[in-house]
Amino acid sequence: MTWVAAVARLRARREPGVLVTVATVRGHAPREAGAKLVVGLSETWGSIGGGNVEAVAIDRAREMIGAAEPEPELLDFALNDKVTNRHGVQCCGGTVSVLLEPLPVVRAVAVFGVGHVGLELARILARQDLDLHLIDSRSEMLAEKRLDVLADAVAQVHTHHTPLLPEEVLDQLPHGTHVLIMTHDHAEDAALCDAALRTTRLGSIGLIGSAAKWGRFRKRLATEGGHDEATINRIKTPIGLAAITGKDPATIAVSVAADLLRAFASEGNDPGVAAPRLDVPPGQAFSQVTSGGVTPAK
């Protein structure tokens with residue numbers, strides 16, 4: 001497996017790792033500059049030459065994986081029999097420097113509803129190194145031509161077309177995913193709020209909408225959903241920075257993205273916080289509201 005594929009595997013598994021690279025070589029050494037090794041918590045891929053150099057690099061890499069906020073490090077090795085090593089003697093005669101770069105688990109964001117605001121928000125978030133999930137019940141909102149604006153995304157973009165029950169995607173999202181609810185249908189929003197509060201693995205939950213909308217939702221979440229006040233308060237609404245009051249989609253998107261990035265900064269290296277799960281199946285409490293289903297895309 002190539003080191004690129006190994007890094008991709010760790011990212012897909014949402015597991016931290018470290019990329020180890022032979023940065024410089026002077027004299028004789030087991031591997032040339034540029035040789036790479038990917039270290040996971042229990043696996044490694046590739047090699048920087050074996051022996052003490054590789055063993056020490058793996059030990060240090062796994063210490064970095066367990067650290068709260070690891071930073072890149074450069075390790076220097078002298079390859080001669082006069083040096084006391086932890087993992088045996090390497091007497092090639094040269095010197096080697098090895099760069100260790102952390103591969104943290106990136107944050108994940110799910111945007112439910114890729115309408116005017118959702119698309120503008122996706123354009124902004126796509127410039128960040130994160131896993132971006134775009135979910136919509138309308139297939140045309142996820143059409144390839146419409147999402148061409150995300151073609152050069154830094155983020156890994158995942159699209160989910162959910163013509164009937166968008167809330168089912170919640171259980172498929174990575175641990176700690178930050179959820180933003182902004183669909184075209186208030187009934188869909190209500191079902192998503194209820195289901196999100198019952199999902200253990202989510203980070204923050206945000207809902208777009210007015211105070212009147214939230215007042216109705218809050219009452220239903222308590223009376224029909226059976227959620228207590230502390231649980232309901234997990235939903236942040238309105239979303240975005242309070243100081244930005246514009247109503248056009250691009251302005252709202254900038255405000256929401258800025259608020260989300262501020263939340264990322266405040267939580268440090270933690271990709272998200274899980275909350276307790278209730279026993280009622282997602283969407284059941286709002287069966288009357290959503291009994292007609294979401295209209296499939298035409």
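FYI, it's all coordinate maths here, none of it is from the lab. Fair warning: this is a prediction, and the values are worked out from it, not measured in the lab.
Below are the figures for this structure:
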read-out: ³J(HN,Hα) computed for each position of region 10-23 - Karplus, 6.51 cos²θ - 1.76 cosθ + 1.60, integer Hz, glycine/proline x; value: 4, 5, 5, 7, 6, 10, x, x, 9, 9, 10, 10, 5, 7
read-out: Rg and Dmax [Cα atoms of region 3-103; Å; Rg one decimal, Dmax integer]; value: 13.4, 43
read-out: Percent of C-alpha pairs per 5 Å bin, region 126-233, short to long; value: 2, 11, 21, 22, 20, 13, 7, 3, 1, 0
